[in-house]
Amino acid sequence: MLKITEIKKENMPVSSWSGGTTTEIMIYPEGASYAARDFLFRISTASVELEESDFTDLEGFFRAIASLEGELLLSHELHCGEIKKRILPLDTVHFFDGGIPTHCVGKARDLNLITKLGAAEGDLNFVEDGEKVVLPLAKNEFALVYFIESGDARLAEADEDDVLVFTAEGRCALFTVKLTD
């Protein structure tokens, strides 16, 4: 049976980072801390308020980022050279190792999924208004629907094989996470 939890924007903690603010939509397990890096996954939004900024080193984690407003240009420093990725609003989802140095150019409001390597795997997709989603979920799988217009979210957690079915009310972001440990 699916457990569905409503997460209201006004109940999401807001904190500062070097380039703006971040709003934590959810962190798992409950009681984990981003600062302590003792989480298996974290879903958040962030404002990028500086024209240029450097992302926090998140070695041991994998990241997905998408823009809600504003275009971003990310540069990753790899041993074989630099790779650049343009993030377009409500379009591009970029996945990368959280431990590689990442420089950002552009101001935006973004969505983030951070998963602990070896413990969780995740995905992030946009869902169009009126689109019907049928998503099989198994034990230790989560789906979070983020309602872009309101900033609220709805979390579905499976305790056995089940199917999440919903029709998007406005444009949404759909996060899926599977615990692998």
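The values are calculated or read from the model by the stated rules, or taken from the named source; none is laboratory data. Computed from a predicted structure; not experimentally measured. No Cβ is skipped: glycine too gets one built from the backbone with ideal geometry, and neighbour counts run over all protein chains shown.
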inquiry  = Just to verify a result, which residue in region 51-86, among those that are outside any strand (DSSP E or B) and among the small types (Gly, Ala, Ser), is nearest to Asn125 (Cα to Cα)?
reply    = Gly70
ask   = Of everything in region 141-181 that's of a type in the set (Phe, Trp, Tyr) and under 19 Å from the mean Cα position of the chain (by Cα), which residue is nearest to Phe39 (Cα to Cα)?
value = Phe142
inquiry  = Going residue by residue through region 13-20, is there one that turns out to be modelled with pLDDT of 95 or more and assigned to a loop (DSSP other than H, G, I, E, B)?
reply    = yes
query = Taking region 101-113, which residues are without any contact (Cβ under 8 Å) to a residue 60 or more places away in the chain and either in a strand (DSSP E or B) or over 16 Å from Ser53 (Cβ atoms) (or both)?
reply = Thr102, His103, Val105
remark   = Of (1) buried (at least 20 other Cβ atoms within 10 Å of the Cβ); (2) touching a His at 6+ places or on another chain (Cβ under 9 Å), Ala158 satisfies every one except (2)
Among the candidates Ile25, Ile65, Ile114, Ile43, residue that is at pLDDT 95 or above and touching a Ser or Thr at 6+ places or on another chain (Cβ under 6 Å) = Ile25
query = Taking region 42-69, which residues are of a type in the set (Ser, Thr, Tyr) and closer than 19 Å to Leu155 by Cα?
reply = Ser44, Thr45
Residue among Arg109, Arg86 that is basic (Lys, Arg) and closer than 18 Å to Ala153 by Cβ = Arg109
Any chance Ala153 is touching a Ser or Thr at 6+ places or on another chain (Cβ under 8 Å), at pLDDT 95 or above and under 17 Å from Ala66 (Cβ atoms) = no
note = Of the candidates His94, His103, the one satisfying the condition of being on the phi < 0 side of the Ramachandran plot and under 14 Å from the mean Cα position of the chain (by Cα) is His94
ask   = surrounded by 14 or more Cβ atoms within 10 Å (Cβ to Cβ) and out of contact with any strand residue (DSSP E or B) (no Cβ under 7 Å at 6 or more places or on another chain) - does that describe any residue in region 119-129?
value = no
ask   = Within region 116-133, which residues are within 22 Å of Leu90 (Cβ to Cβ) and either aliphatic (A, V, I, L, M) or in a loop (DSSP other than H, G, I, E, B) (or both)?
value = Leu124, Val127, Glu128, Asp129, Gly130, Glu131, Val133
query = Just wondering, is there one or more residues in region 140-149 that are touching a strand residue (DSSP E or B) at 6+ places or on another chain (Cβ under 8 Å), part of a loop (DSSP other than H, G, I, E, B), in contact (Cβ under 8 Å) with a residue 40 or more places away in the chain and under 25 Å from Lys178 (Cβ atoms)?
reply = yes
ask   = Hey, does region 89-100 have a residue that's touching a residue at least 40 places away in the same chain (Cβ under 8 Å), assigned to a strand (DSSP E or B) and farther than 18 Å from Ser53 by Cβ?
value = no
